[in-house]
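Just so you know, all these numbers are worked out from the coordinates, no wet-lab data involved. Quantities reported herein were computed from a predicted structural model and do not represent experimental measurements. Methodologically, a virtual Cβ is constructed for each residue, glycine included, from the backbone with ideal geometry; neighbour enumeration extends over all protein chains shown.
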Amino acid sequence: MVPSVDDILPLCADLPLDRFAPGETLMTEGTKSGTIFVLESGTVGIEVGGVLVKRISDPGAFLGEISALLGTVHSARVYAIDEVSARSMPAREAVDNPVLLLGMARLLAARLQSMTGYLTDLRHQYADSETHLGLMSEVLSELSSVHPSWATLGSNRPDVPDY
């Protein structure tokens, strides 16, 4: 069975349901929680370095999956913007469940496909530019093909925070 987003919530129905009030933190940037959440309802904010970078309100969305899969700390703070209900599971449980793991892989693949389309647009738009925008598409293209065995997350510049 290849899970779609619609299949994820029913697969998680037996997991504990956690509720978060507006402003309450689900995950703290720079820490390991060992937990993956599956959003059931509400809206969460994804905040990096104190800046809101994304809102997520899609039921069935995974939160904390990247940290769990890579074994790294959370790269962002995730907090409730309004009343949030989310199913929680230990990261190991999700990684050991082939159906949930496939659901995460599909979500991550969809994000990568979207990002690749954006990179292609950038390359076409700025291919002949001699400004930093011309270089940006090359840098992003290289990052998208980084081999995981030697990849290091974040920036090496001391004046730029790790993302």
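A few remarks follow.
- As a ratio to 2.2 N^0.38 Å, the alpha-carbon radius of gyration for the range 1-78 is 1.10.
- For the range 1-142, taking Cα atoms only, Rg and Dmax work out to 17.0, 55 Å respectively.
- Near the amide H of Gly60, within less than 5 Å, lie the amide hydrogens of Leu39, Glu40, all on another chain or at least 5 residues away, with H placed in the peptide plane.
- Among residues other than Leu101 with Cβ under 12 Å from its Cβ, the summed charge is -1 (Lys and Arg +1, Asp and Glu -1).
- Full-stretch length increase - Ser57, Ala110 - with 0.36 nm per residue and alpha-carbon distance subtracted: 17.4 nm
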